[in-house]
1. Which whole-Hz ³J(HN,Hα) couplings does the stretch 263-269 yield from phi under the Karplus relation 6.51 cos²θ - 1.76 cosθ + 1.60, θ = phi - 60°, glycine and proline marked x?
2. Could you tell me the distance between the Cα centroids of the stretch 74-150 and the stretch 189-205, to the nearest Å?
3. Along the stretch 27-42, what does the Karplus equation 6.51 cos²θ - 1.76 cosθ + 1.60 (θ = phi - 60°) give for ³J(HN,Hα), rounded to whole Hz, x for Gly and Pro?
4. Quick query: amide H of Val151 versus all other amide H atoms, modeled in the peptide plane; which residues come in under 5 Å with a sequence gap of 5 or more or a different chain?
5. Return Met234, Met195 ranked ascending by Cβ neighbour count within 10 Å, so the fewest neighbours appear first.
6. Is there a quick way to get the dipole size of the chain? I mean about its Cα centre, with the Cβ of Lys and Arg at +1 and of Asp and Glu at -1; what is the value in debye to the nearest 20?
7. By average Cβ neighbour count within 10 Å, what is the ranking of 89-101, 291-303, 138-150 from highest down?
8. On each of the three principal axes of the Cα atoms of the stretch 210-326, give max minus min coordinate, whole Å, ordered largest first.
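Please treat every number below as a calculation from the coordinates, not as lab data. If you're wondering where the values come from, they're calculated on a predicted model, not measured in any experiment. Because the Cβ atoms are built from the backbone with ideal geometry, glycine has one as well, and the counts that use them run over all protein chains shown.
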Amino acid sequence: MEEGQLEPRQPCFLKKKGYRITLLDQATFPRDKVCGEFISPAADDIFSDLGILESINALNPTRLCGVALSSYESSYLQIDYPNTVDGRTMTSLSVERSMLDNLMINQVRNSSIQLMEGFKVTDLVLDGGNVCGVKGHDETKTKFSIKAKVVIDGGGRNSISLRRLNLRRGSPGKGKIALAAHWEGVKGLGRYCYMHISHPGYTGIAPVGYNRANIVLVVDRNYLVGVNVEQFFMTTVLGNRLRKRMLGSGIPVEKIRTVDSLAYSVKKIRCGGLLLVGDATGFIDPFTGEGIYLSLRSSQLAVGVVKNAFDKSDFSSRQLQSYDLIRQKEFRKKNILSKVLQRLIYKPYLCNRVVETLGTQKELSSLLVGVIGDYMPANKVVCFQYLLRLLGGMLNQRQPSFLPTKYRPPTKEF
Ligand SMILES: Cc1cc2nc3c(=O)[nH]c(=O)nc-3n(C[C@H](O)[C@H](O)[C@H](O)COP(=O)(O)OP(=O)(O)OC[C@H]3O[C@@H](n4cnc5c(N)ncnc54)[C@H](O)[C@@H]3O)c2cc1C
């Protein structure tokens, strides 16, 4: 059997099924990538399935026991991941992307998958309206063309399929941009992913090693017009007094990196021979930090569909469309939750009230982090019952209480 594709994660799943696989990436590894570097607890099982959990653990990565959330310096909430129904204690991985992605590519290098680094795909090869390969060029601009029964496009937010087949649906929101840097000398962090919502955007802070933190700030793109990016980043990050206290005498140890961070959805594919995985299937705002898990999970789902296609020797869009259905069934409610949270965080009064209420309703807040951690079903939160309990809790709060200036959120220290 022969199969050509482009994407860093799927090959290992597929390899286990015995197909002939080519993996193309325009980058040569190790390469870095702007990311919150905070990975849903549910990803552990997939890493284990891929056979790389041990190597990840050998990096001695930071493990987080929950999420800490502050809203407009007014309300604060710290939630531990609840145990799974079978009593497992859950933690999330916090590991630098350059290390994680390199580890995955090493797994590919040590397999019989043909790895082609530095190969940029510039177009899909089409035959009778179906995809039957990819073409492009290498770093020396030498052209290549590869035929394949199935192409799996995991090219991320700039995936060639999105552009070539005009699949991307614009987001109605304003353009968002993320600014990120690793900091060192940060001594005030516990084992949590810290999400601080405040004007003019939000930050995600994840401890990624001893006194080392990854800080990502997401704001409307127009805030950066005509300003010094480094200065803007520092002033905004330290302008929030909780962050300032937490970061102490820490400083960025690299140039501030920026990346577009606009959510979008993707239209249905009308041709056969092609599947999309990861960010190529759509991008949710990184506030809930689930992108890596969604990418891994969509790849797992795609593999089941590819296997059926090979079994039936049928790579038509009709055969492959079951992938869209399975994925939508699994992710639809999570996407709704992500969109609701996106709207909420830009409404200060409401956001404060919700965070306060969740602070007093442990069951509701635990459910929320379990769902965001991808190991509890989203319908536990995206349902009328949850909404009613939340609203009831909000109504029972007499007045929004504001934190005293010297309030220090509790942390579990390293
Ligand atoms: C600011 C920000 C913060 C985030 N924080 C988090 C977080 O904390 N936790 C989390 O889970 N997720 C986070 N995400 C989301 C996460 O980064 C993505 O969801 C995840 O990387 C998607 O993986 P992917 O494999 O689909 O795409 P990518 O990781 O983008 O990989 C795509 C690969 O395709 C290659 N490629 C692209 N085009 C071509 C081409 N034409 N030819 C050949 N190769 C090509 C690229 O070189 C790359 O290696 C964040 C995203 C942003 C923007």
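1. Result, rounded to whole Hz: 5, 8, 10, 10, 6, 5, 7.
2. 27
3. 8, 10, 8, x, 9, 9, 7, 5, 6, x, 6, 10, 10, 3, x, 5
4. Under 5 Å from the amide H of Val151: Leu274, Leu275.
5. Ascending Cβ contact count within 10 Å gives the list Met234, Met195.
6. In total the dipole reaches around 1000 debye.
7. Those peptides, ordered most packed to least, come out 291-303, 89-101, 138-150.
8. Sorted from largest, the Cα extents of the stretch 210-326 read 61, 35, 22 Å.
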